[in-house]
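**Q** The structure is given below, and queries will be raised subsequently.
Throughout, read-outs are computed from the coordinates displayed, never taken from laboratory work. The structure presented is a predicted model; accordingly, all values stated were derived computationally and were not measured. Here the Cβ positions follow ideal geometry from the backbone for every residue, glycine too, while neighbour counts run over all protein chains shown.
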Amino acid sequence: DQQVKQNSPSLSVQEGRISILNCDYTNSMFDYFLWYKKYPAEGPTFLISISSIKDKNEDGRFTVFLNKSAKHLSLHIVPSQPGDSAVYFCAASRGSSNTGKLIFGQGTTLQVKP
Amino acid sequence: GAGVSQSPSNKVTEKGKDVELRCDPISGHTALYWYRQSLGQGLEFLIYFQGNSAPDKSGLPSDRFSAERTGGSVSTLTIQRTQQEDSAVYLCASSAQGGSYEQYFGPGTRLTVT
């Protein structure tokens, strides 16, 4: 049962343009969402997060949008840079679980072309 | 400061053998997590430690998998009688406190069962 889904395995964009990565979830109990970025042979690194009480969170070039009614979140990167090329994972958690256990999507490989 | 470290980085073992994977979390981090990533899949939660106790073991796939943590620091994940489906990258993460979603990941151990 895949509770967090990233339906696009890969995305290719031109440097300077916007990258939009999408994520859908099925469990309405999730109340905290995160994006992680992963380079080859490294562990994932935390990028940005959003609580379910918000619908948008921005940090520099990165913005995460949350649509609770659609159970959908997206990560926007503007402008995209070649160094952003990596695998992006969305993750979700239930605050009530009190463990910090994260449920991850399958990942989307972003390629930013110079 | 030092991040999360894992050893070995790669492990090739024969089916039926036991393996031990080690994780050294960030100093002072009380929470520790094990995840695994199978080919083409997202990260799958295995177990969560708070200090030396494991309040959430719900992700361990079978009784061949066990983990312990000593001194509130180093953790070992043991897989007994390995099977080919155990082949994956095993990732360890730590966070400053339990229930924190901002987890810091190690580079992982790539396990191949032949």
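**Q** Which ³J(HN,Hα) values in Hz, rounded to whole numbers, follow from the phi angles of segment B:22-27 under the Karplus curve 6.51 cos²θ - 1.76 cosθ + 1.60, where θ = phi - 60° and Gly and Pro get x?
**A** Karplus-based 3J(HN,Hα) across segment B:22-27 equals 10, 9, 10, x, 5, 4 Hz.
**Q** Karplus couplings for segment B:97-114 from phi (6.51 cos²θ - 1.76 cosθ + 1.60, θ = phi - 60°), rounded to Hz, Gly and Pro as x?
**A** Karplus values, whole Hz, x for Gly and Pro: 8, x, x, 7, 8, 8, 9, 9, 9, x, x, x, 10, 8, 9, 10, 9, 9.
**Q** Something else now. Sequence-distant or interchain residues sharing an amide H contact under 5 Å with B:D56, placed H: which?
**A** For B:D56, whose amide H was placed from the backbone, the distant partners under 5 Å are B:Y48.
**Q** Sticking with this one: Nearest 0.05, what FRET efficiency do B:T78 and A:T109 give at R0 = 41 Å with Cβ-Cβ as r?
**A** Efficiency for this residue pair is about 0.80.
**Q** Could you give the dipole magnitude of chain B about its Cα centre, charging the beta-carbon of Lys and Arg +1 and that of Asp and Glu -1, in debye to the nearest 20?
**A** Computed charge dipole of chain B: roughly 180 debye.
**Q** Over all pairs of distinct alpha carbons, what does the Kirkwood formula give as the hydrodynamic radius of chain A, in Å?
**A** One decimal place: 14.1 Å for the Kirkwood radius.
**Q** Treat the count of other C-beta atoms within 10 Å as a stand-in for reagent exposure and order A:I53, A:I20 from fewest to most.
**A** On the way: A:I53 9, A:I20 16.
Fewest to most other Cβ atoms nearby, the residues stand as A:I53, A:I20.
**Q** Can you give the mean number of other chain Cβ atoms that lie within 10 Å of the Cβ atoms in peptide B:98-108?
**A** 6
**Q** For segment A:36-70, list residues with backbone N below 16 Å from a point placed 7 Å from the Cα of A:R94 toward its Cβ?
**A** A:52
**Q** Can you pull the one-decimal nm distance between simple spin-label points at A:N27 and B:E85, each 7 Å off the Cα toward Cβ?
**A** 2.1 nm
**Q** In percent, what relative contact order does segment B:1-96 have, based on Cα pairs under 8 Å that are 6 or more apart in sequence?
**A** 36 percent
**Q** If you look at just the Cα atoms of the protein assembly as shown, how large are its Rg and its Dmax in Å?
**A** 17.5, 51
**Q** Please report, in cubic angstrom per residue, the volume enclosed by the convex hull of the alpha-carbon atoms of segment B:49-97.
**A** 85 Å³
**Q** While we're looking at this one, here's another question. If you line up the Cα atoms of segment B:3-106 on their principal axes, what length do they span on each, largest first, in Å?
**A** Dimensions of segment B:3-106 along the principal axes of its Cα atoms: 36, 28, 25 Å.
**Q** According to a simple spin-label model (label point 7 Å from Cα along Cα-to-Cβ), what is the distance in nm between B:T114 and B:E14?
**A** About 1.0 nm separates the two model spin labels.
**Q** Please report B:V12, A:V13 as a ranked list, fewest other C-beta atoms within 10 angstrom at the top and most at the bottom. Walk me through the numbers before you get to the answer.
**A** Details: B:V12 12, A:V13 18.
Ascending Cβ contact count within 10 Å gives the list B:V12, A:V13.
**Q** Moving on. Quick check on the exposure proxy: order B:T70, B:T13, B:T78 from fewest to most C-beta atoms within 10 angstrom.
**A** Numbers: B:T70 9, B:T13 16, B:T78 13.
Ordered from fewest to most neighbouring Cβ atoms within 10 Å, B:T70, B:T13, B:T78 come out as B:T70, B:T78, B:T13.
**Q** Relative to the Cα centre, what is the charge dipole magnitude of chain A, using +1 at the beta carbon of each Lys and Arg, -1 at the beta carbon of each Asp and Glu, and rounding to the nearest 20 debye? Walk me through the numbers before you get to the answer.
**A** Working: 12 positive and 9 negative charges, 20 e Å.
That gives chain A a dipole magnitude of about 100 debye.
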